[in-house]
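Right, one structure below, let's go through it.
The values are calculated or read from the model by the stated rules, or taken from the named source; none is laboratory data. In this text the structure is predicted, and so the values were computed from the model without any measurement. We place every Cβ from the backbone using ideal geometry, glycine too, and count neighbours over all the protein chains shown.
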Amino acid sequence: MFAVNQVWIAIGPILDRDPKHMAKLTKTKIQASKPGALLHDAEVKGLSLRVNRDGTKIWQVRFRLPGGERPCMILGHYPNHPNDLRCPECLTREQACEQALEIKAKARRGEDPRLKPEESLVPGITFGAIAENWLREKRQRYEKAQKGGATYPEWKRQMRTYLEPAVVEGCRFWRMDVARITPRHCLQVLQPVRLRSATMAQRLKCTMSSVMEHAVRSLLVDYNPVRSVRLNYQEVSRERTLSTDEIVDLWPWWNMDREIQRDNGHRYELEDLTSGAAHQLVLLTLQRPKEISHLEWSKIDFREGHVTFEPTIKVGGRLKNLVKNRHAHRVPLSPQALVVLERLRPLTGEYRWVLPSTADPRMPAVKFHKARLRFCRAAGIEDMQLRDLRATGATILAERWEYDEHLIGVVLNHKPRTITGKVYLRHKARYFNQVREALDRLGRHIESVTAGGGEVVSIAGG
């Protein structure tokens, strides 16, 4: 149980090193400390004493590794009673200072003090070897099927970010013998991630479980220890939609006619212009933000009024998967969407991308986070994300004109999960006119509700 507690204690919040907390940790000062306190030692930099809510006191030291990482390592308990000195885990201040200086010296030499000597490790097939083999199989399978662009890089990122650096009981989790991994080891890897993001911890757990299932199928282990780990968390899908009033409040700030922002002293930048257009296009076309951000002028047919999205495109010399369901699709453009694009053409028409990056116009603008926050702050709206606009448009189509879920799925370009939906996808071209009718209705509705406050009409009129 102590090993699990170590993980929670080591990653807990660290108080600011205020001078009043930086003093020699005398016996009187330590005994007078209150639960929840964190006392820093003034003589040994990085050494501190944490007082838990139950009154127990833990010595810990924070040090810097050559790569810039600053991990926190547990040294042991502070003896609350003279009899506690018989316990090997209890350390006086002098003993804690001695251990802390040894750990910091190892870190300065480029060693990781958390790791055990190599000779103490039992050789065997490591978790990292199994994970690399599992990744190779997944990559071959996805390349053969010509799909899965976003999933494989995410698995690889999780392993490089969370699994390779993880240290469990003095060993790199990545280099542990897969047959020796227990649920306790898996929990110690997941707990630090869970404190930062419960959603990412749940996804990382699924990745670890898939790797261990691969080891079970390869007859390397008898069971999957990750199955016994419970994080008490269930990922809930986001269901945020914008009301009509919120759309009316936001539209003037998205609009490329910046008269309202100019009166409020707002700074205009190309980033704001393209970001506002990106929000408008997501709402008017109901396509994914990633697809809108990678919109190309060459793929837009202004005469016929539609745009084509290819499954993969070349960005910066590398192929990038664009469409989530891996199918090329043609999206009709409403008159309101065409007007937004026409207004953008004098600004970005010389580039490949409709929404180019302000740092490098040869690349698309893939992130609108800062501009979105500025728009929301100006309009007084909280908790709005770019993807919420798709849910808002779909809700309007369903509630106002009672379109069925299958046609809305075609508009959103969702991967169908039912037989009826698969029929819609197979004959998607036949429903192009129905999709155009739905998006034209949506465009006219947005135009009518924003006519008094942000004006699609004013854009059309120049």
Requested in this report: Select from the range 113-148 the residues that are in a helix (DSSP H, G or I), more than 17 Å from residue 169 (Cα to Cα) and hydrophobic (A, V, I, L, M, F, W, C) and write down the one among them that is modelled with the lowest pLDDT.
Outcome: 145
Query raised in the report: Within the set of pairs 6 or more residues apart or between chains, which connect a residue that is among the β-branched types (Val, Ile, Thr) inside the range 130-154 to a residue that is at pLDDT 65 or above with Cβ atoms less than 6 Å apart?
Result: 130/178; 130/211; 130/215
Query raised in the report: What number of residues within the range 217-232 satisfy the criterion of being over 30 Å from the mean Cα position of the chain (by Cα) and in contact (Cβ under 8 Å) with a residue 40 or more places away in the chain?
Result: 3
Report task. Identify the single condition in (1) within 32 Å of the chain's Cα centre (by Cα); (2) at pLDDT below 90 that residue 439 does not satisfy, given that it satisfies every other one. Result -> (2)
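State whether the residues of the range 275-282 include one that is more than 22 Å from residue 414 (Cα to Cα) and either out of contact with any helix residue (DSSP H, G or I) (no Cβ under 6 Å at 6 or more places or on another chain) or surrounded by fewer than 15 Cβ atoms within 10 Å (Cβ to Cβ) (or both). Don't jump to the end; show me each part of the working.
Let us first name the residues in the range 275-282 that are more than 22 Å from residue 414 (Cα to Cα), namely 275-277.
With the extra rule that they be either out of contact with any helix residue (DSSP H, G or I) (no Cβ under 6 Å at 6 or more places or on another chain) or surrounded by fewer than 15 Cβ atoms within 10 Å (Cβ to Cβ) (or both), the set shrinks to none.
Taking every residue of the range 275-282 in turn, none turns out to be more than 22 Å from residue 414 (Cα to Cα) and either out of contact with any helix residue (DSSP H, G or I) (no Cβ under 6 Å at 6 or more places or on another chain) or surrounded by fewer than 15 Cβ atoms within 10 Å (Cβ to Cβ) (or both).
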Report summary line: The strands (runs of 3 or more DSSP E) lying wholly within the range 309-386 that contain at least 1 residues that are within 19 Å of residue 281 (Cα to Cα) and of a type outside the set (D, E, K, R) are 329-332
Query raised in the report: For the range 385-404, does any single residue satisfy the condition of being surrounded by 12 or more Cβ atoms within 10 Å (Cβ to Cβ), of a type in the set (D, E, K, R), over 26 Å from residue 237 (Cβ atoms) and in the same structural domain as residue 297 (by TED's automatic domain parsing)?
Result: no
